[in-house]
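Worksheet: the structure to be examined is printed underneath.
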Amino acid sequence: MKNYSLKWRLVLSITCAFILVWVVAFAWLYLNLEKKMTETLDERLSASAHMVARLLGQIPAEQLARTAKPVVSEINPQNLIACEVIYFSSDVIVNHQVVARTKGAPNGLAERPAGFSTWHQNGVEWRSYVLKKDQLQVVVAEKITLRNSLLSEILKSILYPLVLTLILCIVLILWIVKAEFKPIEMMSKSLNQHRQRPNHELNFLSSLKKQNVPNEIQTFIENIIELVTRLNESLENEKNFSAYAAHELRSPLTAIKTNVQLSKMLAEQQQLSSFVDILADAESSILRYQNLLENLLILSQTEHQHSHQIERVDLKLLLKDVVEQLQDSHPDIHNELAVDWKSLTALQLSYSAMSISLKNIIENAFRHAQSSQKIQIFQKQNCLFIRDFGVGLNQQEVELVTKRFWRKNALQHGYGLGLALSQILLEQQGFLLKFEHSQPHGLTVVIDFNPKSEDVN
């Protein structure tokens, strides 16, 4: 399952729910408004018909009959309402005679049924009301398009404020959610800053109890604090045990080494070649385990030491010192290294910590290079590159290379502590250890002296 942002998921859910409610409310408003407007306009048609009938009813029937003739009235040039008045009489001459008719009124109004009706003529939809009173028939009609236009104008006047309100509500939702999630984002940011420092993480989590953190998260924080506390205790016990075991084994291992060396000397004096070879193998194994114990002690001391003496150090002098230290194990080291001495500059760092780190990194390059090409060392801007042209590592192996006691295969020399120790020492100085694939093959170790600059860019 892919990761997702709870904040944005909450914003999206609330916004969708709010829009859905808004659409339902607008639909109800539209239907209700349409119904009310239809009733109001129908009442207007009815009132208009009754008003005309009342006015014509004041004229005596004999006079109306004498003067009755087809009349086209222009009282409504905009044709908002069409009206037709018909007079009925026993006289055949004036029977079903149109007394008055508005300009543009549709034909056939006299045939409309009594009351309200909706009908079409020539592609135009009409709404009419027919009133029959005594010898008069009054027909009042209007176009449905006029009603639709009126309804549209009313809805527009309502819709614009509603849309503006909707936008404002969405912005308000975003602001409220962002404000409420701010403590959680600050907590996440602070935890990222204290990463790989369990003591700092524990202290920070403990301080959260006193801060403005939602109650729903307090229980989670308490459980995390308990878990981190247990893990921290377990790690400390493991570190203390490793340091104690390494310290306690140094003396007996040194004694065994001394006895083996003496036995080897005696065997050589007595010319016991078979015993000399056996003792030589034993001495080699003892040296390896002695080196392992020394690395464990250094690693333990480094983990408990969170600060180093920082000074301005010339990388040229530091690297020359490291090369001299490695010359005993690599006599031909000057021919195996290609160092761009001109690119090396002076930086603020810990001399001892950087010396150990570079020594381990270069030794690792010698161990895995397995190539006739020289190991390249050069500086570019704020990064130091140590590049070999060996078999290299795949992406999964790159992620494991700084793990303690990890080795690519069991046949390789070493114990998988060098790069792990280098990473800790560099991170304590604020540096970053990275690994890149060399072209066409091999591995490039990069020490970034200013990793924050990448975050800014």
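Take Ala346 and decide whether it is surrounded by fewer than 20 Cβ atoms within 10 Å (Cβ to Cβ), at pLDDT 85 or above, over 24 Å from Pro451 (Cα atoms) and of a type outside the set (Phe, Trp, Tyr). So Ala346 does not fit the description; no.
In the stretch 145-182, of all residues being aromatic (Phe, Trp, Tyr) and under 23 Å from the mean Cα position of the chain (by Cα), the one that is surrounded by the fewest Cβ atoms within 10 Å (Cβ to Cβ) corresponds to Trp175. Of all residues in the stretch 345-358, those satisfying the criterion of being free of Cβ contacts under 8 Å to residues at least 40 places away in the same chain and over 38 Å from the mean Cα position of the chain (by Cα) are Thr345, Ala346, Ser355. Lys239 meets the stated requirement of being basic (Lys, Arg), modelled with pLDDT under 75 and in a helix (DSSP H, G or I). Quick one: is Lys143 farther than 30 Å from Ala17 by Cα and modelled with pLDDT of 85 or more? Criteria met by Lys143.
The values are calculated or read from the model by the stated rules, or taken from the named source; none is laboratory data. As the structure is a computational prediction, the values presented were derived from the model and not from experiment. All Cβ positions, even for glycine, are placed from backbone atoms using ideal geometry, and neighbour counts span all protein chains on display.
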